[in-house]
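Just below is one structure, and these are the notes that go with it.
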Amino acid sequence: MAKIDYHNLPVSYKTSVQKVDMGLWEKIYYPEVIRGLLLTTGHFVRNMIVHTAHVFGMMKDKRGAVTYQYPEERRPIHRRYRGRHRLMKKDDGTERCTACMLCETVCPTNCIYIVPEEHPDPTVEKHPASYEIDILRCCFCGYCVEVCPCDAIRMDTQDVEIAGWDRTKMVYNKEMLMANITGPGAPPEDDPAQWWLK
Amino acid sequence: MLETAIILAKIWGVLLTLVTLAAIMTWVERKQSAVMQDRLGANRADVFGLRIIGLFQPMADGIKMFFKEDFVPPKGDKFLHTLAPIVAFFPAVVIFAVVPFGDVLRIGTLEIPLQVARLNIGYLFILAFGGLTIYGTVLAGWSSNNKYSLLGGLRAAAQMISYEVCVGLSLVGLIMVFGTLQLDLMVKQQGELIFGFLPAWGIFYQPLGFLLFFPAVIAETKRVPFDLPEGESEIIGYYTEYSGLRFGLFYFAEFIEIIVMSALFSTLFFGGYQVPYLYADGFVFPWGGSWNLPHLVVVLLQLGSFFIKIAFFCWLQVLIRWTLPRFRYDQLMRLCWTGILPLAVLNILITGGILLLIKG
Ligand code: SF4
Ligand code: SF4
């Protein structure tokens, strides 16, 4: 085993702060400072050219800024993005959920409240009398969607603007979840990408 | 009577121009930094739906400043707390008085020098009032009755006093070359030519002097990369306890300083209002040929050239502010005392030697 020369350790061993050894070129600051300034000037000039061209209706395919101008311009949301929940419906318009309580059980934040009830149709066992999700507590893990045996709940509304003035209004009840209000870009009901349902 | 009226007109003209430019600078700083960082910057302030690329933002800021609570720490010194921003603001504006923004304007027999005050101690006046801004920061730190503000104020004082030495010494070479402290005489000499074609700007006489003067001035005005006195969120600066219009005054003083310092750079090193090859009655080109221009056009060209130079240096200072990281305090002090100061002294020696050789 090689003996360690404790008196001549490299600088990086001795100090907790990693020191970069600078040569004379870096120590006189100016060349490196000018290099940095040239970099930012490059961005400045390029973006100014693009902005100016936009005023005259040219170079529309190039963006002068990488940011999105939010309320007018939205970021494309991926199809599998987990947005606000919605409850699916049967063909006759009633809820698909059978009140099996699996989602309420699996939910890590305990934010689903289901009150089950006997279904009027004797061939169907149960249905939820009320189904509430406290959206403020939800952590959007998607476990409820994963666990549901009858695909009665989905998070594909693409709705990300979940906001309100009042906490009590942020508890979504069954009617709200079944209203099927979807955000922009939500997949249609007969989405070919959801082939696994068939 | 007419004399007084002209002087008053010049004072108000310069003051209003400075304040307007400073307001525009706040917008420029926002927008330029945004464009440099591939953003768009503040563009939402509008009047009746009219946005004109965010130009209303300075007004919105002003209104906000007016309506914010103006808070004085209960155990702070109310008088000094009010005085401090004024002390910081005043010198920044007053320095511009000795900066010539044009040659003489002739209307009939009337000769109006385009400069507020023709002082023969011009540069010393600038140093003296530049030194006064230190009081603003120290008073702000002291009167806030807040330990961190006080430390920030002292830090600022140490930095500014150190760099004042550098600002003073790095310019001695230039004063030796021009043989005067009066700024308009300096600019006049810069209208001549070296070797018959190069404009006799200070930068060509004193390249090292400029490289030392530039960072020293930026440190003196407490801008990034030397903005330790402020250090907004990390090390807490001297105006922590300021809000509302008092804070606004500090903030505004900083932007006026940018403009005044830009004017100073162009006056001392880049020929001030001079346009290369432009003389009192038109262009005379070194490669032969001339182009006569009426007096008014010449004056306007000079004003325009001065303005363009100021705009360039404002742009450069904003570019620097949004590019470089901050110096650590020991690095800052080391740069001053072991970097700029010895080089400035060396610059004086070299300049003296060369002047001795040339002029005998
Ligand atoms: S997404 Fe997760 S936290 Fe939200 S309701 Fe479903 S299981 Fe609960
Ligand atoms: S897991 Fe599905 S079916 Fe079961 S209660 Fe939840 S939503 Fe209804």
query = Which log10 I(q)/I(0) values, to two decimals, does region B:72-358 give at q = 0.06, 0.09, 0.13, 0.17 Å⁻¹ under the Debye formula with one point per Cα?
reply = -0.22, -0.48, -0.91, -1.34
query = Please identify the chymotrypsin sites (Phe, Trp or Tyr not before Pro) of region A:36-92 that satisfy two criteria: DSSP loop assignment and at most 10 other Cβ atoms within 10 Å. Which are they?
reply = A:56
query = Relative contact order, percent, of region B:6-126 when contacts are C-alpha pairs under 8 Å separated by at least 6 residues?
reply = 20
task = Take the Cα gyration tensor of region B:93-242, multiply each eigenvalue by 5, square-root it, and list the three semi-axes largest first, rounded to whole angstrom.
result = 36, 19, 12
note = Violations at 30 Å Cα threshold for listed pairs B:68/B:222; B:309/B:359; B:64/B:147; B:10/B:188 -> B:309/B:359
Charge dipole (debye, nearest 20) of the protein assembly as shown; +1 at Cβ of Lys and Arg, -1 at Cβ of Asp and Glu = 1240
remark   = Mean projected area, convex hull of alpha-carbon positions in region B:167-253, reported to one decimal in nm², is 7.8
key: Loop-located chymotrypsin sites (Phe, Trp or Tyr not before Pro) in region B:1-110, at most 14 other Cβ atoms within 10 Å (DSSP)   = B:48, B:71
task = Report the dimensions of region A:38-184 along its three principal axes from the alpha-carbon atoms, largest first, rounded to Å.
result = 74, 31, 28
request  = Normalising by the residue count of region B:72-358, find the relative contact order in percent from Cα pairs under 8 Å and 6+ residues apart.
outcome  = 24
Angle between chain B longest axis and helix B:57-67 axis [Cα atoms, degrees, rounded to 10] = 40
query = If you line up the long axis of helix B:207-220 against the longest principal axis of chain B, both from Cα atoms, how many degrees apart are they, to the nearest 10?
reply = 20
request  = Quickly estimate the mean residue ellipticity at 222 nm for chain B, helices only: each DSSP H run with n ≥ 4 gives -39500 (n - 2.57), and the total goes over all residues, rounded to 500.
outcome  = -20500 deg cm²/dmol
ask   = With axes computed from alpha carbons, what is the tilt in degrees of helix B:122-143 against the longest principal axis of chain B, rounded to the nearest 10 within 0 to 90?
value = 0
request  = Would you mind working out the magnitude of the charge dipole of region B:79-214 relative to its Cα centre, with +1 at each Lys and Arg C-beta and -1 at each Asp and Glu C-beta, to the nearest 20 Debye?
outcome  = 320
key: Dipole of region B:97-209, positive direction: furthest Cα of B:130, B:143, B:173, with charges on the beta-carbon   = B:143
request  = Show the residues, 5+ positions off or on another chain, whose built amide H is closer than 5 Å to the amide H of residue B:279.
outcome  = B:284
query = Given N residues in the protein assembly as shown, what is Rg(Cα) / (2.2 N^0.38 Å)?
reply = 1.37
query = Just for the Cα atoms in region B:139-197, what are the lengths along the principal axes, largest first, rounded to whole Å?
reply = 60, 19, 17
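The numbers here are math on the coordinates, done by the rules we state, and not lab data. Values in this document were obtained by computation on a predicted structure and should not be read as measured data. Positions of Cβ are generated from backbone atoms using ideal geometry, with glycine treated the same way; all protein chains shown enter the neighbour counts.
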